Amino acid sequence: MPRPRPTLSLLALALIGALLVLSGAGGSDPDVAEAGRPGDGREDRGREEVIPGAYIVTFNRTAGSPGSETESRERRQGFEAEYVYRRALKGFSAELSPRQADQLEADPEVASVTPDRKVRAVADLASTEPTPPPGVRRIGAATTTSARSASGVNVAVIDTGVDLDHPDLNAASGRNCVDPAAPADDDNGHGTHVAGTIAGENDGSGVVGVAPGTKVYAAKVLAGDGSGTASQVICGIDWVTSTRTDSDPSNDIAVANMSLGGPGTPVGSCATTSDPEHRAICTSTAAGVSYVVAAGNEGWDFDYASEPDTPAAYPEALTVTAMGDSDGEPGGSGGAPVCQTGEADDRYASFSSFAATAAGSAHTIAAPGVCIRSTVPGGNYATMSGTSMASPHVAGAVALCLEEGGEAGPCAGLSPGQIVEKMRADAASRTAASGGSSFEGDPGWPFSGGYFGHLAWVPPADLDSDPPGVASGSPAGGATGVATTTSVSVSFSEPMDRAETEAAFSLVRSSDGVPVSGSFSWSANTMTFRPAAALSQGAGYTAGLSTSALDLAGNQLAAARSWGFKTLTTVTARPSATVIESGTLRGGNYARLAADDNSVFAVNSTPTGTRVSSWYGRFTSVDNALRGLTLTYRGNNSAQCTQTVAAYRWTTRTWVTLDSRAVGATEVQVNKTPAGALADYVSGSTGAGEVRLRVRCTRTASAFNARGDLMRAVYTRP
């Protein structure tokens, strides 16, 4: 049995958080912070994590068998090793006196003697939410009606263990580094939650993981109270590495999730590092294991050079930051996450650590980590937040990239380093293809001073080889009378690579080939191009799509497409004649009505009885195919009378009132569009016709005169 360990109680945070904190391996502070700097508490926190008298000893690579080398030193120096590491690194952990530690440091076969450090877990529970979880949907691993298949590779959860009997998990015991005589069952909850996000079964209940049904192996490195040591975590890494070299190929671990983190020493290369955990990771990745790790919950830079958070800062690991997603969709319209305050949909998580150097950014990716619902022990489910919850989204995605449903995936045959590159490239391509930033804080909408990475993406399992098609376009080919303010829309048969499709589109004026500039927007599979300025009147335009338009699978448009349309012409007409119905001409003619210039066309009213002034203007050569019509009259009267402005409807041979009011010496302007079919107000049925606009004013006593200053008809035609 292992010796008793110092324990550290679970801490309650302001956020509903979950991050395993391992020194040498991020901590948990919900506050959004600037990048960590000396004096921010890192140095003190690092010293507090050291366990007095406990050490991790590593041998030189030239040393012999770790077992025999350890045994000879146990006999010679009088200590008893707790763990012997045979695969990820050569070495052991033990309680040592200062004299024993000094003797081992002087041993020419010993590479390093490093103080062991504490491990603790931090996790609170919150409310539940529907399945499949939004985070799994957000990275493309599920929809509201579908999920992915199981991966054929094994995934290790290096954590508090996994509930081996949970009905929603295909789980097996790997190694219990806390109590080697017991199975790696979870008596805390954190590891089971991680496992459910990776591989929750698609069984119609509970939750659906990123790679549902994938086999997960528990490597228990933390006790039930959430405490542990770095030496225990290295024990877990050592076991994971051993599966790659033992005689049982069925247990080979391909992906390992480590939702762990904390202060470490400056990070070197695999060839020069003296950090035993880094050496273990280096050996394990060289054996073919891909490590996916949490960035940390400190809200600072995990790659701070003098005291980085590890394993987040190890270049060999794929480090995962957290963002919020409440609806499984981009766009920021899902509302704030319900389980805690201070977070937002499609925004970086306020607690998430981030990269601040080029080296750290080169292995960083983002995933949902706010209010994540997953499995917990006892066949139950709960919601947690943290980069611990973001990391398993990516671990499941890596498993699918290696193999899914019995078919080799795009990551098959790649080294862990190449898989890091591919996962990050797929994420960046998805952000570009889907248009704009996928969340506030990603490289398209960066957070000042920090790098959260692109949002992880699981490409479709069955990338089709069929070319995309154009379902419809607007304006349609051959259309005439198109508004000069029109936008051009194209609907595709399937989701498209937005950047490539926009680059393949063009709109030019047909007469001279002058291109039209503008902007794009998307709604589902429909692309809309909005010209920056109004199109020319009465002009022909040609819209086109080249074969460089691509769908998300990279298939080109089968054939180039082009279609033309013609815009409307706007005509401003003045009367070509006037006709007096009641009263007599006082002065002027129709030409006086061309402009608002106080040069008037005047008509005397009848002199007796009800005094009436009635006349109309005639607009000739108006197209029967007109698309819009606005009639305008401006004038006054020498004495107040009831003025009615009306348009003649040829189909019913009636005057249709547009405006009626009392008008005196003050000029009044009327701008109206007649009701009903506009062609009814044009004589004839085809070609050019006439429009009439009448001004009639009545008064019960004393004569007056009407004065027209402006009359016009504005219409559009093809």
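The values are calculated or read from the model by the stated rules, or taken from the named source; none is laboratory data. Being a predicted model, the structure only gives us computed values, none of them experimental. Glycine also receives a Cβ, built like all others from the backbone with ideal geometry; neighbour counts cover every protein chain displayed.
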Handout entry: Filter result (closer than 27 Å to residue 534 by Cβ and crowded, with 18+ Cβ neighbours inside 10 Å) within segment 553-565
Key = 561, 563, 565
Exercise for the section: Can you tell me which residue within segment 600-616, out of those that are surrounded by 13 or more Cβ atoms within 10 Å (Cβ to Cβ) and polar (S, T, N, Q), is farthest from residue 695 (Cα to Cα)? Expected result: 606
Exercise for the section: Please go through segment 207-260 and pick out each residue that is more than 22 Å from residue 151 (Cα to Cα) and in contact with a Phe, Trp or Tyr (Cβ under 7 Å, 6 or more places away or on another chain). Expected result: 231, 234, 235, 238
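Can you pull out every residue in segment 263-290 that is β-branched (Val, Ile, Thr) and part of a helix (DSSP H, G or I)?
281, 283, 285, listed by residue number.
Residue 479: at pLDDT 90 or above, crowded, with 16+ Cβ neighbours inside 10 Å and assigned by TED's automatic domain parsing to the domain that holds residue 138, yes or no?
Criteria not met by residue 479.
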Problem - Complete set of residues in segment 323-339 that are buried (at least 24 other Cβ atoms within 10 Å of the Cβ) and not small (Gly, Ala, Ser) - result: 323, 325, 337
Practice task
Select from segment 210-252 the residues that are of a type in the set (A, V, I, L, M) and farther than 23 Å from residue 82 by Cβ and list them in ascending order.
Solution key: 210, 211, 216
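Residues that are modelled with pLDDT of 90 or more, under 22 Å from residue 367 (Cβ atoms) and outside any loop (DSSP other than H, G, I, E, B): does segment 204-215 have at least one?
So far as segment 204-215 goes, no, none of its residues is modelled with pLDDT of 90 or more, under 22 Å from residue 367 (Cβ atoms) and outside any loop (DSSP other than H, G, I, E, B).
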Handout entry: Selection within segment 664-701 - at pLDDT 95 or above, more than 20 Å from residue 577 (Cα to Cα) and more than 56 Å from the chain's Cα centre (by Cα)
Key = 664, 665, 666, 667, 698, 699
